[in-house]
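Working notes for the structure below.
The values are calculated or read from the model by the stated rules, or taken from the named source; none is laboratory data. Model, not experiment: these values are computed from the prediction. With ideal geometry, Cβ positions are generated from the backbone for all residues, glycine too; neighbour counts draw on all protein chains shown. Please note that ligands, DNA and RNA were not included when accessible areas were found on the heavy atoms of the full protein model with its side chains. Shrake-Rupley method; radii C 1.70, N 1.55, O 1.52, S 1.80 Å.
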Amino acid sequence: MTTDTAKIKTGRNLPAAIGVGAVLGGLVLLTLLTVKATFLIYMGAAIAVALYELTGAAKTKDITIPLIPVAAGGAAMITCTYWLGAKGVLAATALTVVAIVLSRLPAGTAGYVKDVTAGVFAAIYLPFLASFVAAMLAHDDGPRRVITFVIVVICSDIGGYFAGITLGRGTRHPMAQKISPKKTWEGFAGSLAACLIAGWLTVTLLLHGHAWQGLLLGAATVVAAIAGDLAESSIKRDLDIKDMGNLLPGHGGVLDRIDSLLIAAPVAWLLLEVFIKS
């Protein structure tokens, strides 16, 4: 497939997207397979950039997300999850909400509910959901859990892409026409197949679990990943923007790259928590 053809079919520069994806994936492996706590820094940086992108996008609709309390509280959520567990992240999340509510008071009452609501949403959508990745990482076999999670979610994108451009060329069946016109049931079929295979292989080979556990992880993750993609598409359509940013060539913004990971994280954490004993 030529670069021009890739742009026509996906609206993205495919070679650039592959190159950026390889670099990002390489950093994931490097941090996880050396000193695993360094992955928290990598993940925290991604969440910080995504928060900056979301804050800028919200500004287009005159919505002001309290950036400082959300960023500080988000860092506390992720750190407390890894080092202190459930009680730590619960306290950090509650204090973050309090900080958001109080920090907006000096700006007056106009738009108060709108801004505070957006701030709480940003705190839950980004660092709180990301904290489930930190919870996976905290286990003795944490790097393998996170690698399993990332591989399965990435396979949702890969399977959906290739199925979407090869299946049903004559008549495609849109999945959510009003939200994401390019997302089709053919693409979902490809995502499901790829995630089932990835879940089966990673859970059995990396985590020494059973094949049925891997298949269930793959099935649940693909639904969550696609839901995450549709949720972010809904946000962008509501804000009348195409991408959250342009930092990553071929991908858009960082939030455009991690949207599926965010929603899939608590689903993967829960299933691995039940299936795999450290």
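Summary table
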| item | result |
| --- | --- |
| Test result for residue 170, assigned to a helix (DSSP H, G or I) and modelled with pLDDT under 95 | no |
| Tally of residues being open to solvent by 10 Å² or more (accessible area, probe 1.4 Å) and over 12 Å from the mean Cα position of the chain (by Cα) across region 120-155 | 13 |
| Verdict on residue 255 being in a helix (DSSP H, G or I), closer than 23 Å to residue 50 by Cβ, in contact (Cβ under 8 Å) with a residue 40 or more places away in the chain and of a type in the set (A, V, I, L, M, F, W, C) | yes |
| Selection count where residues are charged (D, E, K, R), over 20 Å from the mean Cα position of the chain (by Cα) and surrounded by 15 or more Cβ atoms within 10 Å (Cβ to Cβ), scope region 175-217 | 1 |
| Scope region 93-107; condition open to solvent by 30 Å² or more (accessible area, probe 1.4 Å) and either without any contact (Cβ under 8 Å) to a residue 40 or more places away in the chain or in a loop (DSSP other than H, G, I, E, B) (or both); matching residues | 94, 95, 97, 98, 99, 101, 102, 103, 105, 106 |
| Enumerated helices (runs of 4 or more DSSP H) restricted to region 1-83, each holding at least 2 residues that are modelled with pLDDT of 95 or more | 38-59 |
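Table: residues versus (1) buried (at least 21 other Cβ atoms within 10 Å of the Cβ); (2) more than 21 Å from residue 135 (Cα to Cα).
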site	(1), (2)
33	no, no
57	yes, yes
69	yes, yes
77	yes, no
91	no, no
